[in-house]
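The values are calculated or read from the model by the stated rules, or taken from the named source; none is laboratory data. Worth saying up front: this structure is predicted, and the values here are computed from it rather than measured. Every residue, glycine among them, receives a Cβ derived from its backbone with ideal geometry; neighbour counts consider all protein chains shown.
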Amino acid sequence: MPGLAAVLMMGGRSRRMGRQKAHLPIGGGFLWERQYAFLSTLADPVFRSVAYGEADGDGVLVDKNPSPGPLAGIAAALSTMAGEWLLVLAVDIVGVTRPMVEELYRHRVPGGVVQARFHGQAQPLLAVWHRDVRPVVHDALARDRRAVREVLDRVPVRIVDFPAVWEDAAAHLNTPRDLDDYERRSARRWLQVVGFSGSGKTTVLAHLLTRLQAAGESAVVVKVSHHAVQQHVGLDTRTLLRAGAQDAWLLGSDGLFREGPAGPLDLLPLASAAWLLVEGGRGWATPKVVLARDDWPSVAPPVLAAVGRNPGGRAPLTIAVNLPDEAQAASDFLFAHRLALSVPLSEIRHG
């Protein structure tokens with residue numbers, strides 16, 4: 001998104017959590033690391049706003065006032081960035097996805113702020129701020145008015161109501177139970193790769209499986225065919241198994257099959273693995289990554305990324321590679337941006 005910077009509001013110590021929210025363990029790392037990695041796929045630069053007295057560092061904006069409040073961090077980011085727009089995100093708003101940010105960016109307000117709203121409750125720390133708001137922000141701080149509403153009452157504000165299927169994004173992590181609930185919701189993610197035959201789908205996914213396995217992240221693969229497979233799984237699924245898949249299935253018009261005899265217990269990996277990787281399904285209305293060589297396939301939206309020789313303008317995220325020769329580079333791209341290029345399985349239930 002052109003001209004977009006971001007600031008991650010790290011917050012302070014949470015009494016109910018017994019620690020700083022930013023340093024909650026999640027997904028094998030800290031919460032702030034997960035959020036920072038996500039923002040880095042959307043904006044450049046990405047700042048972190050930390051509380052008074054915390055360590056400084058590259059890309060870290062330290063509040064010089066011991067009084068709490070996020071406005072100083074927003075002011076510092078607005079003054080530091082070179083672009084026109086600033087995405088503000090609280091570290092504990094964990095359900096945000098790229099389509100949400102794109103919707104806010106699309107409704108951005110020159111000289112003002114656009115906020116997300118869920119069930120009638122606006123989210124000033126899930127918002128896009130324009131750089132021309134800086135004088136109002138600095139004036140409020142000069143008068144020791146550190147609440148965000150002090151600025152929002154004095155500048156143009158637009159509200160974007162998000163649909164109910166995105167309501168998880170509004171759920172802040174305020175208690176240990178909130179964290180447990182979130183981890184259960186987000187533990188399993190869907191990542192779908194589509195393209196013409198020969199575009200390198202299986203090879204790219206095999207490389208990705210190796211990276212996921214090395215990172216300790218389990219995956220199940222389903223290869224989609226539009227034809228009857230007659231219970232024959234075939235070479236591709238065996239290749240994906242050897243690459244590190246916890247299980248590999250073939251979905252054809254005549255059913256879902258796996259290599260060898262199958263029973264009810266064989267379905268458990270579909271529910272328990274961290275990742276469900278889907279190869280194929282161009283016509284499905286599910287989030288997907290498109291691989292191409294020369295010609296681009298016709299696919300149903302939404303498309304999260306385009307990978308190929310000339311991918312420009314075809315998706316929010318792109319990488320120019322020659323497929324299938326540069327399958328390793330394509331899989332490295334998928335691994336690096338796997339959160340932005342995937343969605344929780346709970347979203348797939350909503351179609």
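Checking every residue in the stretch 78-95 against the condition of being charged (D, E, K, R), within 18 Å of Val46 (Cβ to Cβ) and crowded, with 22+ Cβ neighbours inside 10 Å gives at least one match. Can you confirm whether the stretch 125-145 contains a residue that is surrounded by fewer than 20 Cβ atoms within 10 Å (Cβ to Cβ), at pLDDT 85 or above, within 22 Å of the chain's Cα centre (by Cα) and among the acidic types (Asp, Glu)? Taking every residue of the stretch 125-145 in turn, none turns out to be surrounded by fewer than 20 Cβ atoms within 10 Å (Cβ to Cβ), at pLDDT 85 or above, within 22 Å of the chain's Cα centre (by Cα) and among the acidic types (Asp, Glu).
So, Ala51, is that one modelled with pLDDT of 85 or more and under 18 Å from Leu71 (Cα atoms) or not? Break it down into steps so the answer makes sense when it comes.
Details: modelled with pLDDT of 85 or more: no; under 18 Å from Leu71 (Cα atoms): yes.
Against the criterion (modelled with pLDDT of 85 or more and under 18 Å from Leu71 (Cα atoms)), Ala51 does not qualify.
Taken over the stretch 316-351, residues that are of a type in the set (A, V, I, L, M, F, W, C) and more than 19 Å from Gly200 (Cα to Cα) amount to 5.
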